[in-house]
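The next block holds one structure in the form of structure tokens; read it before the comments.
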Protein chains: 2
Amino acid sequence: MEATKRHRRKMQSVTMMDVAERAQVSPSTVSLYLRKPDAVSATASRAIAEAIDALKYVPNLMAGGLAAASSRAVSVIVPSVRNAFFAETVATMQAELGKERLQVMLGHSEYSEREEENLVKMALSWKPAAVVLTGLSHSATTRRLLKDGNVPVLELWELGGEPIDMAVGFYHEQVGSTAATHLVQRGRKRLLFLGARLQEDRRAALRADGFLKTAREATGVSAEIVQHPAPANAAIGAMLLAEAIRKYPDIDAVACSNDHIALGVIFECQRIGVQIPERLSVIGFGDLSFSAACNPALTTIRPPGDLIGTEAARLILDRINETGRAAPTVIDTRFTLLQRQSS
Amino acid sequence: MEATKRHRRKMQSVTMMDVAERAQVSPSTVSLYLRKPDAVSATASRAIAEAIDALKYVPNLMAGGLAAASSRAVSVIVPSVRNAFFAETVATMQAELGKERLQVMLGHSEYSEREEENLVKMALSWKPAAVVLTGLSHSATTRRLLKDGNVPVLELWELGGEPIDMAVGFYHEQVGSTAATHLVQRGRKRLLFLGARLQEDRRAALRADGFLKTAREATGVSAEIVQHPAPANAAIGAMLLAEAIRKYPDIDAVACSNDHIALGVIFECQRIGVQIPERLSVIGFGDLSFSAACNPALTTIRPPGDLIGTEAARLILDRINETGRAAPTVIDTRFTLLQRQSS
DNA sequence: TGGCTTCATCATAGCGCTACGATTTACGAA
DNA sequence: TTCGTAAATCGTAGCGCTATGATGAAGCCA
């Protein structure tokens, strides 16, 4: 009986139908106005804008996404925004994509391929316009999901090997190599690499590899490594320096896997009376906001986190808008050695 | 003619209908299994799980959100994740909400009420399960949109006045007051507040107000302020200290609006030969990852960014699950004075 | 044995928008 | 004046899932 049929009430107080009625156009025209304003006449546009404002209409992006089989969302998966590198890239992407009314959806992998896989599954459920990952290490399931997902994929912050789709980053072994070359050119002969969490942070491990390889190739130069499994911060840096000097009393240079560690090294050197750079050269990685203000000012290698974010956003927008430009699959943003006082 | 009728092709290769067919249940049961597993028998659950795995089914959350008139997304709007305070809160919320398969959507307001308003409009288009804002300053339009939006709203990181819905944070004037009280109790009499970007960062401005008010109430104590319009970082901190000493040569204590500024102050004091804390006490705000490792270790006030994130996530989940507990509208997380060596 | 309750499962209309072909109108050229 | 083309607008089925009442089966108690 019709009397007992379920009547699902309308959930949204104002819909595109209401806007269309007030503006005296069809709902299709309202939809077109919101998606392609240039395809709608000035007269109709004014009436529609007035109706939207008067009715305080808020579009339902889920209905639009269902109908279009794609959403205006970009899933961005980084190890953590606690990490200043990824915070910078996320912030830059959010600014660029926000301008085009694309919503950034955030996921934290905490350097876990398993967690990244779970996040990719959740991401794909939203039919995102693109999926952004950090680095090149992914589970086989993640790779299959993304290949089957028919979605633009970017891998950021690391280059090497064949990307799933697009990649923006630089070669981390080259960062390590550049640090070693710099110290050797400064005349240092007893080099040390200080790293944290290298088991999970593969990019830091790659920098360590590049450093040791290049340093050990230099005539008359020795290079060792001292590590700690905890996440990198200044306190860990201080501990690492203390252990380094205990194990290798004659070191004359240290390269740190990031500037937090380098900061801790600088403070620890002050405490134990080691002069930088006279007695010990220090080089970091990251060029964080405090690096130039250190005493002495920190020599470091600057990764362009902002450029990575900007280029990634541009690739996404190009792919979405299909401007026809054959966007390069891989962008090498390189990095910059900033020679300051500490080396 | 039917022959010329448009046939919109099915977009998603595998849908819930396919899973239902393979598991030999109805699509309703599959939907129930995904939303409320306890309501489905063990036999049916096994068959459905097998079918999902075999067909590699990925749900379409937009269809679900359209049908349910709500999505499993939480919109989180912070000034920027470049700021470690908000990065910590976002990271904590992402971890808690991710466990319940709620997607964090990120927005950056850059301390602009206008930008926040735009982000709230975009947020509401996704029919989020909750909207999270930072601070208590919002445009009238933002307040109306959220009230009309029929959505749980949280305001984080600041208490004071009546919240739109729920609030988790602490009183920033009390932070400033606590810093002043601490310095006065240490016997300091010529106090200075060093702040950056106080025009936009209202919480930092509130801390400055609290500091000056309390310091000036103390007998025989004077207090001034030196500011810079740029975003706070260590380099700005160094500049502020240099200007502070130039303008007020007899100061014996500085309170910094955050620990980045304090870090710059520490380094600048080293450069100009000012002994901390003998000649100058320094107190910061934030307890960032480097604060304990400074030389001298930095006295600071620790805001519980992680607790704010955890409590916010709990309030959201309670509201979504409607557990019946009358969750308090306002949670004061307080803050902690960490007295280290610099004061 | 029958009736009532509970648990598991199902039916299906509809949520709000979009794609894309159809239709209408206006303008310019022959 | 007529025809063709371009611009603007419209029609409407369907995208994939869910809410909620309906239905059937099983179990328990009188």
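The values are calculated or read from the model by the stated rules, or taken from the named source; none is laboratory data. Not measured: the values here are computed from a predicted model. Here the Cβ is made from the backbone with ideal geometry for all residues, glycine too, and neighbour counts use every protein chain on show. Remember, those area values only see protein heavy atoms, side chains included, never the ligands or the DNA or RNA. Shrake-Rupley method; radii C 1.70, N 1.55, O 1.52, S 1.80 Å.
Worth a mention:
- Checking each residue in the stretch B:318-343 for being touching a strand residue (DSSP E or B) at 6+ places or on another chain (Cβ under 9 Å) and among the aliphatic types (A, V, I, L, M) picks out B:I320, B:A327, B:V330, B:I331, B:L337, B:L338.
- Tally of residues being assigned to a loop (DSSP other than H, G, I, E, B) and either closer than 25 Å to A:M239 by Cα or without any contact (Cβ under 8 Å) to a residue 24 or more places away in the chain (or both) across the stretch B:294-308: 5
- Scanning the stretch A:106-144 for residues that are within 12 Å of another protein chain (Cβ to nearest Cβ), within 22 Å of B:M62 (Cβ to Cβ) and in a strand (DSSP E or B) returns A:L106, A:G107.
- Pick from the stretch A:10-38, criterion among the acidic types (D, E) and more than 9 Å from DNA strand D (Cβ to nearest atom), ranking: surrounded by the most Cβ atoms within 10 Å (Cβ to Cβ): A:D18
- Flag set for A:A223, criterion: buried (at least 23 other Cβ atoms within 10 Å of the Cβ), assigned by TED's automatic domain parsing to the domain that holds A:R186 and farther than 20 Å from B:A234 by Cα.
- Qualifying position, being touching a residue at least 60 places away in the same chain (Cβ under 8 Å), under 24 Å from B:H172 (Cα atoms) and touching a His at 6+ places or on another chain (Cβ under 8 Å), among B:I283, B:I261, B:I236, B:I266: B:I283
- Count - residues of the stretch B:55-79 that are among the small types (G, A, S), modelled with pLDDT under 95 and more than 9 Å from DNA strand D (Cβ to nearest atom): 1
- Flag if B:E162 is surrounded by fewer than 23 Cβ atoms within 10 Å (Cβ to Cβ) and either without any contact (Cβ under 8 Å) to a residue 60 or more places away in the chain or farther than 23 Å from A:Q12 by Cα (or both): yes
- All of (1) over 27 Å from B:R271 (Cα atoms); (2) crowded, with 16+ Cβ neighbours inside 10 Å hold for B:A238 with one exception: (1).
A quick yes/no check of all residues on (1) part of a helix (DSSP H, G or I); (2) under 23 Å from A:G149 (Cα atoms); (3) more than 9 Å from chain B (Cβ to nearest Cβ):
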{"residue": "A:S45", "(1), (2), (3)": "yes, no, yes"}
{"residue": "A:A49", "(1), (2), (3)": "yes, no, yes"}
{"residue": "A:A63", "(1), (2), (3)": "yes, yes, no"}
{"residue": "A:L66", "(1), (2), (3)": "yes, yes, no"}
{"residue": "A:S80", "(1), (2), (3)": "no, no, no"}
{"residue": "A:F86", "(1), (2), (3)": "yes, no, no"}
{"residue": "A:A91", "(1), (2), (3)": "yes, no, no"}
{"residue": "A:V104", "(1), (2), (3)": "no, yes, no"}
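- Qualifying residues in the stretch A:287-302 (those that are open to solvent by 10 Å² or more (accessible area, probe 1.4 Å) and under 20 Å from the mean Cα position of the chain (by Cα)) - the one farthest from the other protein chains (Cβ to nearest Cβ): A:R302
- Counting only residues that are at pLDDT 95 or above and either over 15 Å from B:E117 (Cβ atoms) or touching a Gly at 6+ places or on another chain (Cβ under 6 Å) (or both), the stretch B:139-157 holds 3 of them.
- When B:S125, B:S71, B:S112 are checked against the criterion of being in contact with a Lys or Arg (Cβ under 6 Å, 6 or more places away or on another chain) and either of a type outside the set (D, E, K, R) or open to solvent by less than 40 Å² (accessible area, probe 1.4 Å) (or both), a single residue qualifies: B:S71.
- Answer residue from the stretch A:218-235, given it is among the hydrophobic types (A, V, I, L, M, F, W, C) and in a loop (DSSP other than H, G, I, E, B) and is nearest to A:I266 (Cα to Cα) among those: A:A232
- In the condition set (1) open to solvent by less than 40 Å² (accessible area, probe 1.4 Å); (2) of a type in the set (K, R); (3) under 18 Å from A:S342 (Cβ atoms), A:R203 is compliant with all but (3).
- Being farther than 24 Å from B:L159 by Cα, aliphatic (A, V, I, L, M) and within 14 Å of chain A (Cβ to nearest Cβ) holds for only one residue in B:A196, B:A223, B:A262, B:A253, and it is B:A262.
- Within the stretch A:226-242, the only residue that satisfies the criterion of being away from every other protein chain (no Cβ under 14 Å) and more than 16 Å from A:V254 (Cα to Cα) is A:P229.
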